[in-house]
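Step one of this worksheet: look at the structure below.
The values are calculated or read from the model by the stated rules, or taken from the named source; none is laboratory data. Keep in mind that this is a model prediction, so the values were computed, not measured. With ideal geometry, Cβ positions are generated from the backbone for all residues, glycine too; neighbour counts draw on all protein chains shown. The area values use the complete protein model at the heavy-atom level, side chains included, leaving out ligands, DNA and RNA. Shrake-Rupley method; radii C 1.70, N 1.55, O 1.52, S 1.80 Å.
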Amino acid sequence: MRINADFEQRAVVRFADTPWVPSPAAGVERKMLDRIGEEVARATTIVRFAPGSSFDAHTHDGGEEYLVLEGEFQDETGNFPVGAYVRNPPTSRHTPAASKGAVILVKLHQFDPADRVTVHVDSNASNDPVVALFEDESEQVSIETWEPGQRISRLAPSGMEVFILEGECREGDDVLSRWDWLRLPPEGEFEGQAGPEGARVWIKTGHLPQMGEK
């Protein structure tokens, strides 16, 4: 399966226009943003867990990165409410569940194989306009709050992903709203403007040149 698999191309996925696809686990559905592979895949996905649903215990050979968008997610390491950002590195193992239901943005199989760092960040713990979630030599992950009408101009020499958490922004000819996703290729440029109520966005940069190597 290949969905938005050419990382040299700009890609936009609108939440409202993308169907939910059942997963192998009962009560778990997905909206696929990009994907290379079948059930074990390099993938970026919005995943919805019905109350009481879960996955069997499994190992993430390529690592897992997620942000809780709605509800509460949990595994053996704790409960993760809205705003929790988690990185489970390669070789990590867990049994994910959502006793009350949850929606998460998750990226799979996109880690450096040598990475062994587990990260838990509460993005709601800070009111700063930029909340750093993770940074290493190849990637940076953050949540930014943009004021109403704010213009944002940013070079993306190593690519950029933008996921709208709240509000709205315009980028080029596209108006992006809640849970819409944009990926710019390496050497791209983000030229945007926040909507009349501003926007809160998850941003990941620096990682796309390595995508073909992982």
Within the stretch 49-72, is there a residue that is at pLDDT 95 or above and under 16 Å from M1 (Cα atoms)?
no
E161 passes all but one of the listed conditions (1) under 23 Å from V86 (Cα atoms); (2) outside the structural domain of G78 (by the TED database); (3) part of a loop (DSSP other than H, G, I, E, B); the exception is number (3)
Out of A57, A25, I need the residue that is touching a Lys or Arg at 6+ places or on another chain (Cβ under 9 Å) and farther than 26 Å from S123 by Cα. Which one?
A57
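If a residue must be polar (S, T, N, Q), within 22 Å of E135 (Cβ to Cβ) and exposed (fewer than 15 other Cβ atoms within 10 Å of the Cβ), how many such residues does the stretch 92-119 contain?
Going through the stretch 92-119, the residues polar (S, T, N, Q) turn out to be 92, 95, 99, 110, 118.
Now drop any that are not within 22 Å of E135 (Cβ to Cβ), which leaves 92, 110, 118.
Cutting the leftovers down to exposed (fewer than 15 other Cβ atoms within 10 Å of the Cβ) gives us 118.
The total comes to 1.
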Output for the stretch 27-48, where each listed residue is at pLDDT below 95 and of a type in the set (G, A, S):
G37, A41, A43
E137 fails exactly one of (1) at pLDDT below 95; (2) part of a loop (DSSP other than H, G, I, E, B); (3) surrounded by 15 or more Cβ atoms within 10 Å (Cβ to Cβ), namely (3)
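Mind listing just one residue for me: the one in the stretch 1-13 that is part of a loop (DSSP other than H, G, I, E, B) and over 26 Å from P96 (Cβ atoms) and, of those, least open to solvent (accessible area, probe 1.4 Å)?
First, pick out the residues of the stretch 1-13 that are part of a loop (DSSP other than H, G, I, E, B): 1, 4-10.
Okay, now just the ones that are also over 26 Å from P96 (Cβ atoms), so 6-10.
Values: D6: 80, F7: 31, E8: 120, Q9: 102, R10: 105 Å².
Looking at the filtered set, the residue picked out is F7.
Out of the stretch 101-126, which residues are over 18 Å from I46 (Cβ atoms) and either part of a loop (DSSP other than H, G, I, E, B) or polar (S, T, N, Q) (or both)?
Of the residues in the stretch 101-126, the ones over 18 Å from I46 (Cβ atoms) are 111-122, 124-126.
Result: F111, D112, P113, A114, D115, R116, V117, T118, N124, S126.
Could you list all residues from the stretch 27-69 that are of a type in the set (F, W, Y), in a strand (DSSP E or B) and either within 22 Å of T91 (Cα to Cα) or open to solvent by 60 Å² or more (accessible area, probe 1.4 Å) (or both)? Lay out the reasoning, then the answer.
Initially, the stretch 27-69 is screened for residues of a type in the set (F, W, Y), giving 49, 55, 66.
Now drop any that are not in a strand (DSSP E or B), which leaves 49, 66.
Answer for the stretch 27-69, where residues must be of a type in the set (F, W, Y), in a strand (DSSP E or B) and either within 22 Å of T91 (Cα to Cα) or open to solvent by 60 Å² or more (accessible area, probe 1.4 Å) (or both): just Y66.
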Can you name every residue in the stretch 76-91 that is buried (at least 19 other Cβ atoms within 10 Å of the Cβ) and not hydrophobic (A, V, I, L, M, F, W, C)?
Y85, R87, N88, P89
What's the number of the only condition in (1) surrounded by fewer than 16 Cβ atoms within 10 Å (Cβ to Cβ); (2) under 24 Å from V201 (Cβ atoms) that P24 fails to meet?
(2)
Restricting to the stretch 115-152, count the residues that are under 24 Å from L208 (Cβ atoms), out of contact with any Gly (no Cβ under 8 Å at 6 or more places or on another chain) and small (G, A, S).
2
Scope the stretch 140-184; condition closer than 17 Å to G198 by Cβ, in contact with a helix residue (DSSP H, G or I) (Cβ under 6 Å, 6 or more places away or on another chain) and open to solvent by 10 Å² or more (accessible area, probe 1.4 Å); matching residues:
W179
